[in-house]
Protein chains: 4
Amino acid sequence: MQHFASDNYAGICPEALAALIEANNSGHEPAYGDDSWTQGVCDRIRDLFQTDCEVFFVFNGTAANSLALASLCQSYHSLICHELAHIETDECGGPEFFSGGSKLLTAPGIDGKLTPDAIETIVTRRADIHYPKPKVVTLTQSTEVGTVYSVEEIRAIAAIAKRRHLKVHMDGARFANAVASLNVHPSEITWRAGVDVLCFGGTKNGLPVGEAVIFFDKTLAVDFAYRLKQAGQLASKMRFISAPWLGLLNNDVWLRNAKHANAMAQLMAERLAGIDGVKVMFKPQANAVFAELPPHVAQALRAKGWKFYQFIGSGGCRLMCAWDTLAETVEQFTDEIRALCAAR
Amino acid sequence: MQHFASDNYAGICPEALAALIEANNSGHEPAYGDDSWTQGVCDRIRDLFQTDCEVFFVFNGTAANSLALASLCQSYHSLICHELAHIETDECGGPEFFSGGSKLLTAPGIDGKLTPDAIETIVTRRADIHYPKPKVVTLTQSTEVGTVYSVEEIRAIAAIAKRRHLKVHMDGARFANAVASLNVHPSEITWRAGVDVLCFGGTKNGLPVGEAVIFFDKTLAVDFAYRLKQAGQLASKMRFISAPWLGLLNNDVWLRNAKHANAMAQLMAERLAGIDGVKVMFKPQANAVFAELPPHVAQALRAKGWKFYQFIGSGGCRLMCAWDTLAETVEQFTDEIRALCAAR
Amino acid sequence: MQHFASDNYAGICPEALAALIEANNSGHEPAYGDDSWTQGVCDRIRDLFQTDCEVFFVFNGTAANSLALASLCQSYHSLICHELAHIETDECGGPEFFSGGSKLLTAPGIDGKLTPDAIETIVTRRADIHYPKPKVVTLTQSTEVGTVYSVEEIRAIAAIAKRRHLKVHMDGARFANAVASLNVHPSEITWRAGVDVLCFGGTKNGLPVGEAVIFFDKTLAVDFAYRLKQAGQLASKMRFISAPWLGLLNNDVWLRNAKHANAMAQLMAERLAGIDGVKVMFKPQANAVFAELPPHVAQALRAKGWKFYQFIGSGGCRLMCAWDTLAETVEQFTDEIRALCAAR
Amino acid sequence: MQHFASDNYAGICPEALAALIEANNSGHEPAYGDDSWTQGVCDRIRDLFQTDCEVFFVFNGTAANSLALASLCQSYHSLICHELAHIETDECGGPEFFSGGSKLLTAPGIDGKLTPDAIETIVTRRADIHYPKPKVVTLTQSTEVGTVYSVEEIRAIAAIAKRRHLKVHMDGARFANAVASLNVHPSEITWRAGVDVLCFGGTKNGLPVGEAVIFFDKTLAVDFAYRLKQAGQLASKMRFISAPWLGLLNNDVWLRNAKHANAMAQLMAERLAGIDGVKVMFKPQANAVFAELPPHVAQALRAKGWKFYQFIGSGGCRLMCAWDTLAETVEQFTDEIRALCAAR
């Protein structure tokens, strides 16, 4: 049975699994990234972004974001993020831990997006040593509420960041979905727009485990390999982390996976829009739909075995589509909602 | 080509890979360990050890050891380990990082082993607040030089530890090799001997990625799940970390893999022992052989493409055998050594 | 010229200075607290609180609060505080640093006070491992806006804390002012009400430097001396930190100093209340008055050399009275405000 | 009664106390260093060193050294120090704590001194990411065994440090004693020799509390004020930390105090040298004498009330002289030793 709780409920996509199996067939391989695969995958990512960036692989998103952010600030600095940012709400203090105590300064913003004004307000609020000095702006692309920053929005944020001497980090747990949604080259919403570091999510896109940390500003990556090692993020059998990325990168499987997930969210939203008593909360631009369902409907769906999360601090439901979500699943789910709504 | 650089040069053993693939076939599964596999594997490990322990999965050995140790002490405490302990020599300060600054106090000891006397000496050396207070003894089983603590040795260390109010941690990156070597029940060299926490290595035994942290003293595991999450060690698609353990645990594949690797080390040692100019440095009791080779021999071997590490701070070579090391490889390697030694 | 910017603008009160000078007359004294003074002062504090508590001296409030809090939680836990709490707004991430990343969860509350309901709301908001688990409630007494928790309010908060397995910490930078205001025995608003740890402020009460950390629950103080040493808070010439406390404790100088400061704030508030265009923002119960002054008035006062802070995030002014604030100063200051207000 | 346990058994020297009292007479003063004294004292220190350095005041030596070192490296870096360095043996893991886990790599060296060769050996021992990368060399001047690095020795160490891209830190808890001993300008053994950061000790030189951290390379001091604040090392009533320095700096009291302490150590060494059964262990160049006394003599001295420390890991005794040590005390102490030695 498929669910809409999270895109990490999905398994490994066939191409990634095939690459993993193929990597296993080569017998003995040097460890810690000196194998036949890892540097090749790094090069592929450099090609993809059309720039000479530094690429590192880590095990998950907590580590990717926390370590990337820790490399951009010291413990007495602060990070500016949206109040719904995953690093604020769902990492159990990971960024604070890896940075040794950096504070997250949260800003409100419609559609889950930071704005230049919100950043400016935070940066200018305090200028004394009794409050941690802002050093980083971090954006989630696509956002935690399924929206997407436009190229212009990112550029505007990066512009204010540069003016205020802040580094720009992008939490790209669902970066592929944003690229698919905007239909732009990946460079357009990253380094060409002013992003310094990207955490490029692989797990939700079809990998078993693993994310890539990409430093477009290579000076920020100095000794980052040591940081990873110390932080328990250096895989010994690295090829099993890196090779599956080949499965995603070859033939643009990563984009195809993302497009499919986005299309399923679109389908979900369209079908929900037509149901009396259901309200879609944000314009779905990636692979998430947030919808207010009548409480008895949400309850009945769960009783039937459907899994999905409550949206923090609201009555809404978060419905995530994955690379393998079937149209039939969306149809069945929305049919059941329609029936349940009609029943009262 | 096979190598003797490390047992992590080997790939995934067939049974683990099969379990991973099977776990993928189940479609959508709850994340973060609430899947069909993870709790089952934990139960299997509890059965294996014949006790109601707490089991957690992490991505690698750095994290397993560092986080387990961090849960046993505070930043102003210290850990007692052998001067050749992996946590001291090869973790880039991981234990210090995760504990927030705990100091490793190293002791010498023949065959890479700590002794009750060495521990006693360290514990009683200082008793003032200007030096971090010892709280943990950590053993590596099998050791970094391929030897194995006997049941009695572990018991004796645990006894002095209890008397001095120290917790006992075991770095079991090659725990399977020790069990295979001693031919005892795993409980005999862990909780029945007084070990509080075991890091049970899976990667070197045939997994793609992942180790288990096993708390025999369950009170020490309170909130450890939060610690893992914050530290970037909670896999979202957990089944791909846990399920492969089934491949190892079913039919005692883990023991078979370890026995094979040990046997290959035995073969290596026997063949080396008969070569003039070669000296085996430690009695090989697990899957490692340390041997002094004439410098020109080591150089010639490397020139032929063989990979193996220098033993830190000595002229010796470390030769590791893996679950998949072929007898033919050992024979070819030692034949080449014999020929090279004879050539001068 | 006296100011109202902070009670830490005041110097050392005569009794504290006399004790410091006397401590210097004894020539050589053992260091790190083994002198003739330190244990005696600890005993005096135990007498004062009528209980066998553990007492430690640190250099300042940042350290007192941060280290006390760090001893109550781990990095993956969280602390509940008021949104105006000093530890949140003015410690530059000190609590996050010393705890290794604990998150501060802030609650609103009128008069700068936490309430049982606000605590309950935060504790019950999340129960998953993706969010740091609450372990501590921290109160500031007197509060950051010059109000005071009543005995009943503290008891009610401690009751909910105990039910939710939270420890209770009190930031008592101005504890003396609270005791003076409530006219109760110090034990009544600390351990008898359920407080586990108190940071008893000395600096603002008339010391040159130094605060006391008092653990009423002695089990929480295990190895705290090591924590202080490691954290750079163990004075070598400890007598110069501890002895001045004698000056405060003998003849209840600490209470007299606090009462005087409170009385000056009372005088300030009464005089301000009668001025058209001035609004006192909170009922002044300790040594602070917050008042909204017409902008041109605040500006004119500063032009004349008066120093005082803006209240964060508001148009109000914070006016602090110290142990040495003269009635004449209050009168002159308020007369000038009256004149400035009348001039338009 | 005077003792030889530590130079921190001495009190406040008259000039420092007078400055503290005078600073108190000025009534209200801005806090956190914006007072009438602090910037002036910083300027005096700049004058003293004849260079435009950045100066910060902290409460003690643990904090001075730990925070200075933390500003020179990240958690995955390492620091090279002598095996007898105070930061290694007597700070309870302070440097590890404040840096978030940096490892201290210790080197042996006669007379308690690091050498270029020892540094080179450590730097070149490892070049892989499994071991923390060396970033700092730290010297103690005068050393923990009462010797002094010559100008040439410091220059040679700084030269190898620069070649290996290491920063140079000097633990100057007894810097004044070294300057007095060498009879050179303070700049000659600091920035002119290649030292980047000096922790200039005030406490042992006659202050009640406080050390200065001096960055000769000002780029290393960026945001250091934030670091201090977060770390609990920013005094609110800063004048009482800074003003006493004036007492030391005016009329070169700091040098006079150091010269006196050194002379007393000289006297001690001379008198001990003539006693049968006593062996002076190191050439006394500052204010410490290390001497092997017959065990019964040391015991008898302690029974008479004399306090002094055992030298870690040896049968020697550490005898420290302070700014106020009387020649009579040295004479009486050595007379008693002579008598005790003769008695057997």
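The values are calculated or read from the model by the stated rules, or taken from the named source; none is laboratory data. All values derive from a computational prediction rather than experimental measurement. Using ideal geometry, Cβ is built from the backbone for each residue, glycine included, and neighbour counts are taken over all protein chains shown. Calculation scope for accessible area: heavy atoms of the full protein, side chains included, ligands and nucleic acids excluded. Shrake-Rupley method; radii C 1.70, N 1.55, O 1.52, S 1.80 Å.
Could you list, in sequence order, the residues of the stretch B:297-328 that are of a type in the set (D, E, K, R) and either assigned to a loop (DSSP other than H, G, I, E, B) or at pLDDT below 95 (or both)?
B:304, B:307, B:324
Pairs only if they're at least six apart or on different chains, beta carbon under 6 angstrom, first in the stretch D:283-300 and assigned by TED's automatic domain parsing to the domain that holds residue D:334, second of a type in the set (Ser, Thr, Tyr); list them, first residue then second.
As it stands, the answer is D:285/D:147; D:285/D:181; D:286/D:142; D:286/D:181, since those pairs meet every condition given.
Given the options B:80, B:87, B:119, name the one that is within 26 Å of residue C:225 (Cβ to Cβ), within 20 Å of the chain's Cα centre (by Cα) and in the same structural domain as residue B:148 (by TED's automatic domain parsing).
Every option except B:80 fails the conditions.
Could you tell me which residue of the stretch C:326-343 is surrounded by the most Cβ atoms within 10 Å (Cβ to Cβ), considering only residues that are small (Gly, Ala, Ser) and touching a residue at least 12 places away in the same chain (Cβ under 8 Å)?
C:327
May I ask you to list the residues in the stretch B:288-325 that are more than 14 Å from chain A (Cβ to nearest Cβ), within 26 Å of residue B:178 (Cβ to Cβ) and open to solvent by less than 10 Å² (accessible area, probe 1.4 Å)?
Matches in the stretch B:288-325: B:288, B:289, B:290, B:291, B:316, B:317.
For the stretch D:256-274, give me the residue count where each residue is under 15 Å from residue D:340 (Cβ atoms) and either touching a Leu at 6+ places or on another chain (Cβ under 9 Å) or open to solvent by 70 Å² or more (accessible area, probe 1.4 Å) (or both).
Adding up the residues that qualify gives 1.
Against the condition closer than 30 Å to residue B:96 by Cβ, in a helix (DSSP H, G or I), at pLDDT 95 or above and away from chain A (no Cβ under 14 Å), how does residue B:254 come out, does it pass?
No, not satisfied.
Among the residues of the stretch B:212-230, write down those that are open to solvent by 30 Å² or more (accessible area, probe 1.4 Å) and out of contact with any strand residue (DSSP E or B) (no Cβ under 8 Å at 6 or more places or on another chain).
The answer is B:219, B:222.
With respect to residue A:209, is the statement that it is farther than 20 Å from residue A:149 by Cβ and either modelled with pLDDT under 95 or within 9 Å of chain B (Cβ to nearest Cβ) (or both) true?
In short, yes.
Yes or no: residue A:59 within 19 Å of the chain's Cα centre (by Cα) and closer than 17 Å to residue A:235 by Cβ?
Considered against the rule, which asks whether it is within 19 Å of the chain's Cα centre (by Cα) and closer than 17 Å to residue A:235 by Cβ, residue A:59 comes out as yes.
Kindly indicate the residue of the stretch D:123-133 that is within 12 Å of chain B (Cβ to nearest Cβ) and in contact (Cβ under 8 Å) with a residue 12 or more places away in the chain and also surrounded by the most Cβ atoms within 10 Å (Cβ to Cβ) among those meeting that condition.
Among those that are within 12 Å of chain B (Cβ to nearest Cβ) and in contact (Cβ under 8 Å) with a residue 12 or more places away in the chain, it is D:132.
Just one of A:179, A:209, A:151 is out of contact with any Cys (no Cβ under 6 Å at 6 or more places or on another chain) and open to solvent by less than 10 Å² (accessible area, probe 1.4 Å); which is it?
Answer to the selection: A:179.
Any chance the stretch C:12-34 includes a residue that's buried (at least 24 other Cβ atoms within 10 Å of the Cβ), touching a strand residue (DSSP E or B) at 6+ places or on another chain (Cβ under 7 Å) and not assigned by TED's automatic domain parsing to the domain that holds residue C:261?
No, that holds for no residue.
From the residues in the stretch C:326-342 that are over 26 Å from residue C:13 (Cα atoms) and of a type in the set (Asp, Glu), which one is nearest to the other protein chains (Cβ to nearest Cβ)?
Ranking the qualifying residues of the stretch C:326-342, first place goes to C:336.
Can you give me the number of residues within the stretch A:226-278 that are within 15 Å of residue A:56 (Cα to Cα) and of a type in the set (Val, Ile, Thr)?
Adding up the residues that qualify gives 1.
Collect the residues in the stretch B:275-287 that are under 16 Å from residue B:336 (Cβ atoms) and surrounded by fewer than 14 Cβ atoms within 10 Å (Cβ to Cβ), keeping them in residue-number order.
Answer for the stretch B:275-287, where residues must be under 16 Å from residue B:336 (Cβ atoms) and surrounded by fewer than 14 Cβ atoms within 10 Å (Cβ to Cβ): just B:276.
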